[in-house]
Ligand SMILES: Nc1ncnc2c1ncn2[C@@H]1O[C@H](COP(=O)(O)OP(=O)(O)O)[C@@H](O)[C@H]1O
Ligand code: SF4
Ligand SMILES: [Mg+2]
C-alpha cells in the first residue's frame, strides 16, 4: 500500500515535469517574442530588454525551467504578465468551475451509462438494448464541441430552457448554468460507459460464480448488484479515471462555447496572449487533476476488488 | 437389493438448445431415478449431455435451452412446472450444486464468510448461529483453522481447498439432494481421492442423496451405488454399480471400460478415447445412437431405435438390441 503511493507519487512528479518541460519547449518554438506581445509594436528596444529580464526570458532555457520548478515547490507559479497577480491565485479561482463541470459530467454520465449498460446486458436484444446500442455508437462518434454547439442552439437559444452563457451565482443558478455544458461534455460518456458495462456485465453473468449464486437461490437483485455489477463496473471505473484527460479537453471547448469561467477558458485566453506563466500554471494544475483522477479510480477499484487491493 | 424409495425421478426428459445452426437435441427421453440416501453416478464422454442433465435437475439451464418434454419429480413436485419463487426456495435449500471448476465458482470479491452467510438468508437463525454453522461445515470439509478463514477471499485458497469450500457451501443448508458436476475433474489425482473420500463420509453422515457426474469410471466405481451411462444425450445403460462393472452390457459401456482401467489411483487423466466421433445432435441419426461407432452393429441397429432392455437383474437395463430376447434366440 505504502509502496503503491510512493510509486504513484514518483510517477506523478515525472508526468508533471515532463508535461511542463514539453510545453515550455513548445512555447519557445512559437514565433513571436512574449515581451513584444505585451508591450506592443511601438516599444523601444530598451524597454523590451528590461521586460525580458523581468520575465526571466534573458536566461538560458534550462535555467528558466530550474527556476520555475523551484518556485513551484514553494507553491509559487509566477505572476500574471499583464496584471501582476499571483498565477496560483488566478488558477485557483478558476479551478472550481472546471472541477464542477467535470464532476457533473462524470456523475450524470455514470448515473445514466452504468444502469443502461446493466439493463442492456440483462435484457439483451430487446428494443431498449438496441436503441441504447445505436445511440451509444452515435454519441461516441460526435465530437463534444459539436454537441455543445447544438445543445446551445437548441436548449439555450431556441427553447430558452437554460442560460446560454456564464456560470451563474448561488447554488441553484450555478446548477442551472451547469446543465447544458455538463450535458455536452458527458453525453458521449453515457454511450461509452453503457457499452463497457454491458460487455463486462455479460461476461460476468456468464461466469460460474453467478450460476452458483443462482443455484443457491439467491435473490435476482442481489445476484445482479452484489455478484455481477460490482465486478462489471471495474473496467468502467478505470475508463473514467483514464478518460479525465479527454474530459478536460472537452471541458475546454465547453467553457469557450458557453463562455464559462474555468481552466479551459483561462488557458485559451492565456495562449492567445502569450501569457506564459498562466499557461504553465494551468498545465500544471490540469496534469495534477489527471494524476488525482487516476489515483481515485485506482482506489475505487481497490475498494471494490480485494485482488486489486492486495496488489496495491 | 430392493430399490429404496426414490427422492428424484426424471422421466422422459428431452431438452433442446437453440443454436444459430438449428436446434440441438442435447437430451432425449432421459429416464432415471435417484433413491433416497444413495449416490448415483452419471458417466459418459465429454459432450454427452451430463452437465446439461445435471443442471436441469434444478432447472438451472442456459437461456437458449428449451425443455421440450418430460417431468422431474422431486419430493412430490415437478421441478419443471414450479413457479420461479418456489424454485428459488428449493435451490440451495433442498437441492444444492457443486460445479466443475472450483477456481471460478466462488464470488471473487466477497469473503468466504459473507458468501456462506448469504446463502443462509432464508434461515431464521441469528448471525452468530449462522457463523457457527459456517465454521462447523468448513471444519467438516477439512479447512484448517476454519474460524479465521472466514475473512479470507477465494483467491487465498488453492483449487482443492476451493472445491472443499464449494462442497461446504452446498451442504451447509442440509439439502436432500446434492448435484455434483465433475467436482474433481479439475483437480489432480491425490486431491481427487481426498475429495471423493470426504464426499462419501459427508454423504453417509448427512444422509442426503447425491448425483455425481464424472467422465471417469474409476471415480464412479469408488463412490457410487448406481450408475447411469450417457451417450450423445441418451441414457444407454443404467443399473447398480456392481452390475455395471461386472457385466457392462452396452457396447458403449464396454468401450468406456476398455479405454479406462477404472482405477482412480492411476494417472489416467485424459478423457477416454473411443474411435469415432459423437453424432451431430442437430440431425439425430435414426436407429441406434451408437451404431456409427459400435463394433457389434448389425442390420436392425440401422433401422430401429432400441428401447431399454433388461440385462441382468430388474434394475440393470441397456438400450441395445443384443439384449433383446428375439436376438438372443436368433
Ligand atoms: N448453451 C448451449 N448451447 C448450445 N449447445 C450447448 C449448450 N450447452 C451445451 N451444449 C451442447 O450440448 C451437448 C452436451 O453438452 P454438456 O451437457 O456440456 O456435455 P458434458 O457435460 O457431458 O460434457 C454438447 O453437444 C454441447 O455442445
Ligand atoms: S443396438 Fe446395435 S449399434 Fe446399438 S449398441 Fe447395440 S449392437 Fe451396437
Ligand atoms: Mg460437463
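Residues of A:222-231, mean number of Cβ from any other protein chain within 10 Å of their own Cβ, rounded to a whole number?
Mean inter-chain Cβ contacts per residue within 10 Å come to 2.
Summarise the long-distance tail of P(r) for chain B by giving the % of C-alpha pairs beyond 32 Å.
30
Let a ≥ b ≥ c be the square roots of the eigenvalues of the Cα gyration tensor of segment B:17-69; is it rounded (a/c under 1.5), or, if not, prolate (a/b larger than b/c) or oblate?
Prolate shape, in that a/c is at least 1.5 and a/b is the bigger ratio.
I'd like the Kirkwood hydrodynamic radius of chain A, using the inverse of the mean 1/r over distinct C-alpha pairs, in Å.
Across chain A, the inverse of the average 1/r is 22.1 Å.
For chain B, find the longest principal axis of its Cα atoms and tell me its angle to the long axis of helix B:189-206, 0 to 90°, nearest 10.
That works out to roughly 80 degrees.
Can you run the Rg to Rh ratio on segment A:57-186? Use alpha carbon positions and the Kirkwood inverse-distance Rh.
1.16
For segment A:96-151, what size does the Cα cloud have along each of its three principal axes, sorted from largest down, in whole Å?
That gives 41, 21, 14 Å along the principal axes, largest extent first.
In peptide B:101-109, how many Cβ atoms from other protein chains are near each Cβ within 10 Å, on average?
Per residue, the average neighbour count from other chains is 6.
Just to be sure I understand: of the beta bridges DSSP finds with both ends in chain B, what percent are antiparallel, rounded to 5?
So the antiparallel bridges amount to about 60 percent of the total.
Which percent of Cα-Cα pairs in segment A:227-312 sits in each 5 Å bin, short to long?
Going from the shortest bin to the longest, the percentages are 3, 14, 18, 18, 14, 10, 9, 7, 5, 2, 0.
If you take the square roots of the eigenvalues of the alpha-carbon gyration tensor of segment B:1-125 and sort them as a ≥ b ≥ c, do you get rounded (a/c under 1.5), prolate (a/b over b/c) or oblate?
It is oblate, given that a/c is not under 1.5 and a/b is not larger than b/c.
Percent of alpha carbon pairs in the protein assembly as shown separated by more than 42 Å?
Within the protein assembly as shown, distances greater than 42 Å cover 46 percent of Cα pairs.
Which of A:60, A:136, B:46 has the fewest other C-beta atoms within 10 Å, and how do the rest follow up to the most?
Ranking A:60, A:136, B:46 by Cβ neighbours within 10 Å, fewest first, gives A:60, B:46, A:136.
Which value in nm describes the separation of the simple spin-label points at residue A:11 and residue B:31, placed 7 Å from the Cα toward the beta carbon?
With each label placed 7 Å out from Cα toward Cβ, I get 6.5 nm.
Direction-averaged shadow area of the convex hull around the Cα atoms of segment A:2-73, nm²?
Computing the convex hull of the Cα atoms and averaging its projections yields 5.6 nm².
What is the fewest-to-most order of B:216, B:250 by other Cβ atoms lying within 10 Å of their Cβ?
By the 10 Å Cβ count, ascending, the order reads B:216, B:250.
Provide the percentage of antiparallel DSSP beta bridges, counting only those with both residues in the protein assembly as shown; round to the nearest 5.
60
Using a 10 Å cut-off around each Cβ, can you sort B:213, B:61 from fewest to most neighbouring Cβ atoms?
If I rank by nearby Cβ atoms, fewest first, I get B:61, B:213.
When Cβ neighbours within 10 Å are restricted to other protein chains, what is their mean count per residue of peptide B:118-124?
That average works out to 3.
Calculate, for residue A:220 and residue A:249, the FRET efficiency according to 1/(1 + (r/R0)^6) with r their C-beta to C-beta distance and R0 41 Å; round to the nearest 0.05.
That pair, residue A:220 with residue A:249, gives E of 0.50.
Can you give the extra length, in nm with one decimal, that the chain gains between residue B:242 and residue B:282 once fully stretched, where that is 0.36 nm per residue apart less the Cα-Cα distance?
Difference between extended and current length: 10.9 nm.
Pop the C-beta distance of residue A:92 and residue B:147 into the FRET formula with R0 = 60 Å and round what comes out to the nearest 0.05.
0.70
Would you mind getting me the FRET efficiency between residue A:272 and residue A:61? Use the beta-carbon distance for r and R0 = 22 Å, nearest 0.05.
Efficiency computed from Cβ-Cβ geometry: 0.45.
Below 8 Å, C-alpha to C-alpha, sequence gap of six or more: please give me the relative contact order for segment A:129-198 in percent.
46 percent.
Using the per-residue mean of other Cβ atoms lying within 10 Å as a proxy for protection, in what order, highest first, do the peptides A:205-212, B:232-239 fall?
B:232-239, A:205-212
With the Cα gyration tensor of segment B:280-330 in hand, convert its eigenvalues to equivalent ellipsoid semi-axes via √(5λ) and list them largest first in whole Å.
Taking √(5λ) for each eigenvalue gives 21, 13, 9 Å, largest first.
Which value at 222 nm does the protein assembly as shown reach when only helices count, each DSSP H run of 4 or more adding -39,500 (n - 2.57), with the total divided by all residues and rounded to the nearest 500 deg cm²/dmol?
Calculated from helices alone, the mean residue ellipticity at 222 nm is -16500 deg cm²/dmol.
Given the options B:191, B:256, B:27, which has the most mean-square fluctuation in a GNM of chain B, springs set between C-alpha atoms less than 10 angstrom apart?
The residue with the greatest mean-square fluctuation here is B:191.
Read the figures in this text as sums done on the coordinates, not as results from a lab. All values derive from a computational prediction rather than experimental measurement. Glycine gets a Cβ as well: all are built from the backbone with ideal geometry, and neighbour counts include every protein chain shown.
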